[in-house]
Amino acid sequence: MLTVQFGQCGNQIGGKLYSKIIEDIKSTRGNESSNHEYAENSTAKWFQGTSKSGSMYARAVLVDTEKKVINKILKQKEDKWCYRASNIVSTDYSSGSANNWAYGFVKKGPEFEESVHDAVRYELELSDTVDSFLCLSGCAGGTGSGLGSFIIQSLRDEYPKKSILSTLLLPFGSGEIATQNYNILLSLAKIIDSADMVVVMENDKLHDEAVKFGNLKSHVSFPNDINEVACQKLLSVLQAANDVDNNSLNDLEHMVSKLVPHPAYKFTSIETVPLVLPSNTSLLEKSWSVQKDSSINSINWQAQFKYLRRNLLSGNLNQRRSLANILITRGVNSDKVKKNNKLVCHQLDDPYNCDELIKNDIYAQLHWLTDYDKFRHFHQNRRLLNYDKFSSLITNNSAVNKTLDVIVSKAWNSYTYGAFLHQYKKFEMEDDDFLSAFSKIEGVISSYNELER
Ligand SMILES: Nc1nc2c(ncn2[C@@H]2O[C@H](COP(=O)(O)OP(=O)(O)OP(=O)(O)O)[C@@H](O)[C@H]2O)c(=O)[nH]1
Ligand SMILES: [Mg+2]
């Protein structure tokens, strides 16, 4: 996998992600040989080669129209890993894309295209095992949204057979940037044509998770704590795990093919059980009245699945429906009981017993999808980071409608008043470009609405 990070948000998330990967590799609780295999696997997936001083090079390309953020990331010296200097594509003289999708897409895109391709080609030539791109960007400003969607389109053209996963961070709804809804709308409309799958992460939701369950902190810092939650979610899905039925690996290409069975439905999100560290499980117990595993401080699997099920269904009139879901469980079964003189998993502590997540009421009734296609389960005995047991669910679910609806209606509102349009029209954009973006995303909304019938 090759990571491509765009703009301030994409680069900050990417930097945190690589630090978390190292943290995950270094956490060695558990069986030595499985740790060794897991570490080798992660290293091969995320890193490529080592520097003279022995740091591993992240297999990542950094793209920004201003150097400030990248310089700051480079200054945070990590001893185990670093970025390859030739993979940094930026300019000293420019100062961002002015929160303007059109500036990023029309002007900066063509300017940066060749250098980004040079860096990507260099990485791909170092290893012939890279079969997918993980793109990271925020889509409220001008670089992540405009330049990001231009480059993703250009990667698609150059590498038609590689999988592209685009992770998009949506800004706080309260509106930090006046033009954010235009920028999100225009990015989404471009990216759904080029990427194979999109993971949507909303800053509001990440913030809520960090506040409610983040280690009883009184203050959630932005972007640090929020990026921490986002990166744990990504890692929980992307680190190695095996299909419980046929042992196949959860590589990106495989997951995309399961989660996106039809090109009209490319939006996914990652639901995780509250990110509670072992010291803090009483909080979860109180808030969600779940049962705590008695032998060690972690939440038993069945309680985790119930929580995920509730998240999948909740919402207006319980109408949410999934197209496809992948459950990934990580960690050991600790709570064993004796049955016929044999030690077996306690029923509440069996990660393989996930009936809660395969019940029919969760899924859209579609004759062209089998039960096998709708739900896959991957498991990894090795723990993730500090968690004894960690379940996450990557879901292609009609809940995305609510998010898209809000963005489209806010963007329409500005558009009907002609607000800020001149800033976009300066860069060759016409009303038709806006109208076709509106109609494309409204088409997506209506496809997802169909799932709820
Ligand atoms: N979760 C998260 N969101 C971020 C981060 N940095 C910025 N954002 C969000 O992204 C939005 C702004 O996008 P930026 O990434 O700063 O913009 P950019 O892509 O660099 O584009 P320009 O600066 O306009 O060239 C803000 O509204 C924030 O909500 C981050 O590290 N984490
Ligand atoms: Mg910026």
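The values are calculated or read from the model by the stated rules, or taken from the named source; none is laboratory data. Owing to the predicted nature of the structure, the values given are computational and were not obtained by experimental measurement. We place every Cβ from the backbone using ideal geometry, glycine too, and count neighbours over all the protein chains shown.
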Region 1-28 residues that are over 25 Å from LEU147 (Cβ atoms), paired with ones that are at pLDDT 95 or above and within 13 Å of ligand 1 (Cβ to nearest atom) (beta carbon under 8 Å, 6 or more apart): LYS20/CYS231
Where a residue in region 175-198 is in contact (Cβ under 8 Å) with a residue 40 or more places away in the chain and more than 16 Å from ligand 2 (Cβ to nearest atom) and its partner, wherever it lies, is basic (Lys, Arg) and assigned to a loop (DSSP other than H, G, I, E, B), with Cβ under 6 Å and at least six apart: ILE192/LYS266; MET197/LYS266; VAL198/LYS266
Only one of LEU147, LEU155 that is touching a helix residue (DSSP H, G or I) at 6+ places or on another chain (Cβ under 9 Å), closer than 17 Å to LEU62 by Cβ and within 15 Å of ligand 1 (Cβ to nearest atom): LEU147
Scan of region 229-265 for residues that are in contact (Cβ under 8 Å) with a residue 12 or more places away in the chain, in a helix (DSSP H, G or I) and more than 12 Å from the chain's Cα centre (by Cα), ordered by number: GLU253, MET255, VAL256, LYS258, LEU259
Residue in region 428-439 that is among the charged types (D, E, K, R) and under 19 Å from SER97 (Cβ atoms) present: yes
Scope region 52-103; condition of a type in the set (Asp, Glu), more than 25 Å from the chain's Cα centre (by Cα) and within 16 Å of TYR18 (Cα to Cα); matching residues: ASP79
Criterion violated by ALA178 - all others in (1) among the hydrophobic types (A, V, I, L, M, F, W, C); (2) at pLDDT 95 or above; (3) over 30 Å from PRO274 (Cα atoms) satisfied: (2)
Members of region 94-108 found to be part of a helix (DSSP H, G or I) and within 15 Å of ligand 2 (Cβ to nearest atom), listed by number: TRP101, TYR103, GLY104, PHE105, LYS107, LYS108
Hey, ALA119 at pLDDT 95 or above, in a helix (DSSP H, G or I) and in contact with a strand residue (DSSP E or B) (Cβ under 6 Å, 6 or more places away or on another chain) or not: yes
Among the residues listed as THR129, THR91, the single one being modelled with pLDDT under 95, more than 12 Å from ligand 1 (Cβ to nearest atom), part of a loop (DSSP other than H, G, I, E, B) and of a type in the set (S, T, N, Q): THR129
Pick from region 189-208, criterion buried (at least 21 other Cβ atoms within 10 Å of the Cβ), within 14 Å of ligand 1 (Cβ to nearest atom) and assigned to a helix (DSSP H, G or I), ranking: modelled with the lowest pLDDT: LEU206
Residue under evaluation ALA102, criteria (1) modelled with pLDDT of 95 or more; (2) surrounded by fewer than 19 Cβ atoms within 10 Å (Cβ to Cβ); (3) in contact with an Asp or Glu (Cβ under 8 Å, 6 or more places away or on another chain); (4) among the small types (Gly, Ala, Ser), criterion not met: (2)
Answer from GLU158, GLU114 - the residue that is under 24 Å from the mean Cα position of the chain (by Cα), acidic (Asp, Glu) and over 21 Å from ASP251 (Cα atoms): GLU158
Residue, nearest to ligand 1 (Cβ to nearest atom), within region 65-88, restricted to residues that are out of contact with any strand residue (DSSP E or B) (no Cβ under 7 Å at 6 or more places or on another chain), among the basic types (Lys, Arg) and farther than 16 Å from PHE6 by Cα: LYS75
From the options LEU136, LEU165, residue that is within 16 Å of ligand 2 (Cβ to nearest atom), outside any helix (DSSP H, G or I) and closer than 27 Å to ASN396 by Cβ: LEU136
Sole exception among (1) modelled with pLDDT under 95; (2) in a helix (DSSP H, G or I) for LEU186, by number: (1)
Of all residues in region 1-16 being more than 7 Å from ligand 1 (Cβ to nearest atom) and in a helix (DSSP H, G or I), the one that is surrounded by the fewest Cβ atoms within 10 Å (Cβ to Cβ): LYS16
Residues within region 40-81 that are within 16 Å of ligand 2 (Cβ to nearest atom) and outside any strand (DSSP E or B), tallied: 11
